1. Compare the peptides 20-27, 74-81 by average per-residue count of other Cβ atoms within 10 angstrom and give them in order, highest first.
2. Roughly how many debye, to the nearest 20, is the charge dipole of the stretch 18-164 about its Cα centre, given +1 on each Lys and Arg Cβ, -1 on each Asp and Glu Cβ, and no other charges?
3. Which entry in [x] 44; [y] 28; [z] 33 matches percent of Cα pairs over 25 Å apart derived from the coordinates of this structure?
4. Using alpha-carbon pairs under 8 Å, 6+ residues apart, how would you state the relative contact order of the chain in percent?
5. Measure off 7 Å from each Cα along the Cα-to-Cβ vector at Val174 and Arg87, then give the distance between these two points in nanometres to one decimal.
6. Hey, if you put +1 on the Cβ of every Lys and Arg and -1 on every Asp and Glu Cβ in the chain, which of Leu34, Phe158, His53 ends up farthest toward the positive end of that dipole?
Amino acid sequence: MVTGSSGSRRSPRNRRVAVSVLRVGHRPGRDPRLTTHLALAARAFGAERMLLHPPDPDLARRVAAVGEGWGGAFEVVGTPDWRRAVRAFDGPVVHLTMYGLPLAKVRPKLTRARSVLLVVGGAKVPPDLYRLATYNVAVGHQPHSEVAAVAVFLTQLFGVPGPGPWPGARRTVVPQARGKRVVGGRGTK
């Protein structure tokens, strides 16, 4: 059973909704860049984990390496059966699709939930996903990437992430007007 948790905080922001992202239809070997970007955006904007269908252990290791340097406890967990993950989830299941209800209409219901499962499809979205989801939600009614949809959704739910290191971070960005500065890890200045 896949459930969200309101106990531990996996990012430095204080909130009560635990968000997991389910990527349906990942194609190992063909989609690693897009799915990696999806995982990184989900992590950076406050999700706690990404469920990946079908599983891709190499991608999960690459994303885990980011967390080792930059902190936080985000994880990528393979799931061989996305339908089972959706049915077993303890909380609202939100399918992000440009055909759904406007996010502004659904957001108040989601902020009261303990856990939310965001579902984004790949090249072909299985038709039964529209039926299995608690809500089909659009962040906009135009074609755009699932990475953008997840980032906008999480920003609307949690706000914009602030600067500063995450728990366990070995590296952190030092905000500045010009140039780049990272403290810790490789390239320490």
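Every read-out reported here was derived from the displayed coordinates using simple, explicitly stated rules and does not represent laboratory data. All values reported here derive from a predicted model rather than from experimental measurement. Glycine gets a Cβ as well: all are built from the backbone with ideal geometry, and neighbour counts include every protein chain shown.
1. Ranking, from highest mean packing down: 20-27, 74-81.
2. That gives a dipole near 340 debye.
3. Here the calculated entry is [z].
4. Numbers: 369 pairs, mean separation 51.8, N = 189.
It rounds to 27 percent for the chain.
5. Simple spin-label model gives 5.5 nm for this pair.
6. Highest projection toward the positive end goes to Phe158.
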